[in-house]
Amino acid sequence: MFKGFTRLLHSPGEQLKTLLDPQESTTTVLSPRNIPRSEHPVSRQHISDAALKVLYRLSGAGFDAYLVGGCIRDALLGKMPKDFDVATNATPEQVRDLFRNSRLIGRRFRIVHVRFGREVIEVTTFRGKPQDEHGDHIAHQSDEGLLLRDNVWGNIEEDALRRDFTVNALYYNIADFSITDFANGARDIETRTLRLIGDPATRYREDPVRMLRAVRFAAKLDFTLDPATEAPMYDQAPLLLQIPPARLFDEVLKLFMSGHGLVTFRLLSHYGLFGMLFPEAEEAMADAAWAEELIEQALTNTDKRIAEERPVTPAFLLAAFLWAPVKQRQEVLEQEGMPPIPALQAAAQQVVSRQLEFTSIPKRFGIPMREIWELQQRLPQRRGKKAFQTREHPRFRAGYDLLLLREQAGEIPRGLGDWWTAFQRGDEHEQRRLLQKVGGDPASQGDGRRKRRRKPRATE
């Protein structure tokens with residue numbers, strides 16, 4: 001893979017000491033390996049200027065400074081890193097004092113963000129193992145094992161032990177450009193294996209979001225989950241219900257807006273995790289054959305747009321995820337006698353209200369999502385000026401795209417999407433011809449205004 005690296009991985013020497021024994025706790029001792037600069041491909045050319053400034057300023061102030069985690073993993077995989085995390089023995093307050101362009105964030109895990117324009121370098125202090133003398137304001141764990149606060153500072157060896165995956169326990173030292181591998185992560189990169197450090201069941205109880213991270217990394221990196229790492233996920237998926245909806249929404253963006261959404265969705269479904277994020281969508285897929293196909297088509301299109309560096313919005317993907325439950329609730333309300341448009345609005349409110357209990361949806365995405373749904377009611381209505389008015393709607397393109405997905409998934413017959421495609425592309429003469437055909441199109445039924453019944457004249 002790269003100079004001297006394979007030889008180093010398979011050479012005799014210090015080995016892990018029962019690191020991955022499922023019977024062991026996360027207090028397992030690690031045996032680090034040092035990979036000198038001559039035997040790995042990571043250079044300062046892989047590192048952004050902002051990250052280098054942080055590393056050199058920390059080092060110049062007498063602190064240890066390492067790049068850690070995904071940036072090193074990606075560089076060893078031959079990819080250009082995009083995000084850079086720094087680990088140091090400086091406390092958050094000491095880091096803040098060194099950088100005027102920084103701010104402390106987080107209560108559960110206190111970290112420092114150092115901002116250089118749009119780029120943010122995340123700086124964390126080496127974490128250690130909580131002890132009995134640490135109060136709840138420093139380290140606190142729920143009765144179920146969930147880490148509620150973890151701000152115990154330690155050394156680099158203890159910090160490596162607290163990392164989630166072996167491939168993320170790689171530390172690049174700015175002092176001599178070597179890499180310290182604490183958990184055989186380099187070998188797992190070679191074999192493309194994703195493996196948790198310590199007992200997986202315990203680590204998932206500490207932070208259930210690690211299950212989502214496992215799926216995201218497996219999809220993004222095309223890695224295989226180690227059997228011991230994946231085994232507890234089937235039973236422990238409900239632990240995600242402990243996580244605040246706002247945090248899960250951030251994870252949803254990472255899962256589905258990184259260009260690997262389709263593979264991610266299938267893995268989440270396989271491990272029973274998708275239903276913990278979108279329960280109504282999961283239930284709708286069990287009832288309607290087209291619901292899963294619609295979601296997969298939406299993810300396929302989103303992945304393609306990201307690969308082509310075209311803009312994407314979470315509002316459209318959320319609209320696709322939740323359309324089936326909205327449609328099902330709307331049909332029930334209509335059967336109870338409610339008119340279509342109020343039924344759609346009521347159904348949307350019911351679905352969103354329940355969804356907010358699991359993953360929050362900010363208004364900047366929730367409002368466009370509802371507008372996309374409402375357009376599904378307007379798109380069949382094309383008589384007179386309605387087609388032109390609908391085409392000028394700010395969410396028309398997203399609503400049109402969802403309409404096409406509904407046809408592809410088999411929810412509704414094909415035809416309406418082709419009409420709107422032709423209407424958008426056609427000149428004035430073609431548009432007039434298309435509008436003249438609307439009268440004989442079953443999809444346009446209900447367009448016309450209801451004729452008012454005249455009241456009978458009063459007789460003298």
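Restricted to the stretch 76-91, and to residues that are in contact (Cβ under 8 Å) with a residue 60 or more places away in the chain and open to solvent by less than 20 Å² (accessible area, probe 1.4 Å), which residue is farthest from Asp188 (Cα to Cα)?
Ala87
Please find, among Gln345, Gln377, Gln330, Gln349, the residue that is surrounded by 20 or more Cβ atoms within 10 Å (Cβ to Cβ) and over 22 Å from Pro311 (Cα atoms). Steps first, please.
Details: Gln345 fails: surrounded by 20 or more Cβ atoms within 10 Å (Cβ to Cβ); Gln377 fails: surrounded by 20 or more Cβ atoms within 10 Å (Cβ to Cβ); Gln349 fails: surrounded by 20 or more Cβ atoms within 10 Å (Cβ to Cβ).
Of the residues listed, the single one that is surrounded by 20 or more Cβ atoms within 10 Å (Cβ to Cβ) and over 22 Å from Pro311 (Cα atoms) is Gln330.
Go over the candidates Asp199, Asp176, Asp159, Asp164 one by one and state the one that is of a type in the set (D, E, K, R) and open to solvent by less than 10 Å² (accessible area, probe 1.4 Å).
Among Asp199, Asp176, Asp159, Asp164, only Asp159 is of a type in the set (D, E, K, R) and open to solvent by less than 10 Å² (accessible area, probe 1.4 Å).
Condition test on Glu309, is it under 27 Å from Leu239 (Cβ atoms) and in the same structural domain as Asp401 (by the TED database)? Give the steps one after another, and end with the answer.
On the way: under 27 Å from Leu239 (Cβ atoms): no; in the same structural domain as Asp401 (by the TED database): yes.
When the stated conditions are applied, Glu309 does not pass them.
Which of the numbered conditions does Ala398 fail, given that it passes all the others? Conditions: (1) open to solvent by 80 Å² or more (accessible area, probe 1.4 Å); (2) in contact with a Pro (Cβ under 9 Å, 6 or more places away or on another chain); (3) assigned to a helix (DSSP H, G or I).
Checking Ala398 against (1) open to solvent by 80 Å² or more (accessible area, probe 1.4 Å); (2) in contact with a Pro (Cβ under 9 Å, 6 or more places away or on another chain); (3) assigned to a helix (DSSP H, G or I), the one that fails is (1).
Ser258: at pLDDT below 95, within 16 Å of the chain's Cα centre (by Cα) and open to solvent by 30 Å² or more (accessible area, probe 1.4 Å), yes or no?
Here the answer is yes, as Ser258 does meet what is asked.
So, in the stretch 289-323, how many residues would count as being open to solvent by less than 50 Å² (accessible area, probe 1.4 Å), in contact (Cβ under 8 Å) with a residue 60 or more places away in the chain and closer than 27 Å to Lys254 by Cβ?
Result for the stretch 289-323: 11.
Considering each of Arg203, Arg210 in turn, give the residue that is outside the structural domain of Leu67 (by the TED database) and closer than 21 Å to Glu357 by Cα.
Working: Arg203 fails: closer than 21 Å to Glu357 by Cα.
When all the criteria are applied, what remains is Arg210.
For the stretch 298-317, check the following and say yes or no: at least one residue is of a type in the set (Gly, Ala, Ser) and within 22 Å of Leu356 (Cα to Cα).
Yes, the stretch 298-317 contains at least one residue that is of a type in the set (Gly, Ala, Ser) and within 22 Å of Leu356 (Cα to Cα).
If I ask for residues that are touching a strand residue (DSSP E or B) at 6+ places or on another chain (Cβ under 7 Å) and of a type in the set (S, T, N, Q), which ones from the stretch 90-110 would you list?
Of everything in the stretch 90-110, those that are touching a strand residue (DSSP E or B) at 6+ places or on another chain (Cβ under 7 Å) and of a type in the set (S, T, N, Q) turn out to be Thr91, Asn101, Ser102.
Working only within the stretch 321-363, note down all residues that are among the aliphatic types (A, V, I, L, M), farther than 22 Å from Asp287 by Cα and in contact with a Phe, Trp or Tyr (Cβ under 8 Å, 6 or more places away or on another chain).
Scanning the stretch 321-363 gives a single hit, Ile361.
Which members of the stretch 130-166 meet the condition of being modelled with pLDDT of 75 or more, over 25 Å from the mean Cα position of the chain (by Cα) and either in a loop (DSSP other than H, G, I, E, B) or not assigned by the TED database to the domain that holds Val95 (or both)?
Residues satisfying the conditions are Val152, Gly154, Asn155.
Could you count how many residues in the stretch 401-422 are in contact with an Asp or Glu (Cβ under 8 Å, 6 or more places away or on another chain), part of a helix (DSSP H, G or I) and without any contact (Cβ under 8 Å) to a residue 60 or more places away in the chain?
4
Sort out which residues of the stretch 217-264 are of a type in the set (Lys, Arg) and on the phi > 0 side of the Ramachandran plot, and write them in order of number. Outline the logic, then answer.
First, pick out the residues of the stretch 217-264 that are of a type in the set (Lys, Arg): 220, 247, 254.
If the condition is that a residue be of a type in the set (Lys, Arg) and on the phi > 0 side of the Ramachandran plot, then no residue fits.
Of all residues being crowded, with 17+ Cβ neighbours inside 10 Å and out of contact with any strand residue (DSSP E or B) (no Cβ under 6 Å at 6 or more places or on another chain) in the stretch 215-228, which is farthest from Gly259 (Cα to Cα)? Just the residue, please.
Here is the first cut: in the stretch 215-228, the ones crowded, with 17+ Cβ neighbours inside 10 Å are 215-221, 223, 225-226.
Checking which are out of contact with any strand residue (DSSP E or B) (no Cβ under 6 Å at 6 or more places or on another chain) leaves us with 215-216, 219-221.
Values: Val215: 14, Arg216: 11, Ala219: 10, Lys220: 8, Leu221: 11 Å.
Filtering the stretch 215-228 for residues that are crowded, with 17+ Cβ neighbours inside 10 Å and out of contact with any strand residue (DSSP E or B) (no Cβ under 6 Å at 6 or more places or on another chain), the one farthest from Gly259 (Cα to Cα) comes out as Val215.
Residue-by-condition table, conditions (1) of a type in the set (Lys, Arg); (2) in contact with a Ser or Thr (Cβ under 7 Å, 6 or more places away or on another chain); (3) not in a helix (DSSP H, G or I):
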position: Ala246; (1), (2), (3): no, yes, no
position: Leu253; (1), (2), (3): no, no, no
position: Ser258; (1), (2), (3): no, no, yes
position: Arg266; (1), (2), (3): yes, no, no
position: Glu296; (1), (2), (3): no, no, no
position: Ala315; (1), (2), (3): no, no, no
position: Ala320; (1), (2), (3): no, no, no
position: Val326; (1), (2), (3): no, no, no
position: Glu334; (1), (2), (3): no, no, no
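Mind checking whether some residue in the stretch 360-374 is closer than 30 Å to Gln436 by Cα, open to solvent by 10 Å² or more (accessible area, probe 1.4 Å) and assigned to a helix (DSSP H, G or I)? Spell out the reasoning first.
Step one: of the stretch 360-374, the residues closer than 30 Å to Gln436 by Cα are 371-374.
Subsequent filtering for residues that are open to solvent by 10 Å² or more (accessible area, probe 1.4 Å) retains 371, 374.
Still in the running and assigned to a helix (DSSP H, G or I): 371, 374.
Taking every residue of the stretch 360-374 in turn, at least one turns out to be closer than 30 Å to Gln436 by Cα, open to solvent by 10 Å² or more (accessible area, probe 1.4 Å) and assigned to a helix (DSSP H, G or I).
If you scan the stretch 98-112, which residues turn out to be part of a strand (DSSP E or B) and within 18 Å of Trp153 (Cβ to Cβ)?
Of everything in the stretch 98-112, those that are part of a strand (DSSP E or B) and within 18 Å of Trp153 (Cβ to Cβ) turn out to be Ser102, Leu104, Ile105, Ile111, Val112.
The values are calculated or read from the model by the stated rules, or taken from the named source; none is laboratory data. Remember, it's a predicted structure, so these values are computed and weren't measured experimentally. Every residue, glycine as well, gets a Cβ built from its backbone with ideal geometry; the counts of neighbours run over all protein chains shown. Heavy atoms of the whole protein, side chains included, go into the accessibility calculation; ligands, DNA and RNA do not. Shrake-Rupley method; radii C 1.70, N 1.55, O 1.52, S 1.80 Å.
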